[in-house]
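The numbers here are math on the coordinates, done by the rules we state, and not lab data. None of the values given here were measured: they were computed from a predicted structure. Cβ atoms come from the backbone with ideal geometry, glycine included; neighbour counts cover every protein chain shown.
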Amino acid sequence: MSYGQIKQAIGVSKSTLSNWLKDYPLSKQQIDKLRGKNEQRIERYRETMRKKRERRLLDIYEKERKRILPLSNKEIFIFGLGLYWGEGSKTRNASLSVSNTDPSIIKFFIFWLEKSFNVPKQKLKVNLQLYQDMDIEQELLFWEDALQLARSQFNKPYIKKSSIKAINHKGGFGHGTCNVGIGNVKLSETILMSIKAISDKYSMRV
């Protein structure tokens, strides 16, 4: 038994146990056995905590889903403005685009353009930034399937000379960076001025 197990059974301190048992060392086999049991207990504890966290997050998810959804057309429009404010290109007034590694962000951007501005997804163009150690064809197929866009809408990918293995994705997606956009001066100006209107209104409050 470990010191912790003995302490729990007879109610004495570890220092007392250490003094009592100093002349009775455990064999390597006994130590390995205790270590294995301890690792199993740690793994069971981690699994229990993981399941508790998953249940907690699922409860929060269901509560917030019922509270927030469905979004009105105006709410979708404003949510998209927030996305574009944070992730969209704001340096070229003649076009608008969003870049990200997360397919769900790109998919919402496409949905937003269709829902709020009646932009046909067939008019969008895709630019991928990939890495030299990637299977380029597989990554093209991944984004083609994820976004449900035709291969003809994809420009030739930009291949970085660095390796994806050297990039710390912090739990990211590992399929490179996807940029989806469209050239439309009027639409770009509408979106940028809408964002500016919100910024001017609420930045004054700080």
Does residue 36 satisfy the criteria of being within 30 Å of residue 183 (Cα to Cα), out of contact with any strand residue (DSSP E or B) (no Cβ under 6 Å at 6 or more places or on another chain), in a helix (DSSP H, G or I) and without any contact (Cβ under 8 Å) to a residue 40 or more places away in the chain? no
Considering only segment 113-147, state which residues are β-branched (Val, Ile, Thr) and farther than 18 Å from residue 98 by Cα. 136
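Within segment 60-115, which residues are acidic (Asp, Glu) and touching a residue at least 40 places away in the same chain (Cβ under 8 Å)?
Taking segment 60-115 first, the residues acidic (Asp, Glu) are 62, 64, 75, 87, 102, 114.
Selection gives 102 alone.
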How many residues does segment 2-20 hold that are outside any helix (DSSP H, G or I) and in contact (Cβ under 8 Å) with a residue 12 or more places away in the chain? 1
List every residue pair whose Cβ atoms lie under 6 Å apart, where the two residues are 6 or more positions apart in sequence or sit on different chains, the first residue falls within segment 172-194 and is assigned to a loop (DSSP other than H, G, I, E, B), and the second residue, located anywhere, is surrounded by 15 or more Cβ atoms within 10 Å (Cβ to Cβ). 172/101; 173/101; 175/139; 175/142; 176/128; 176/130; 176/139
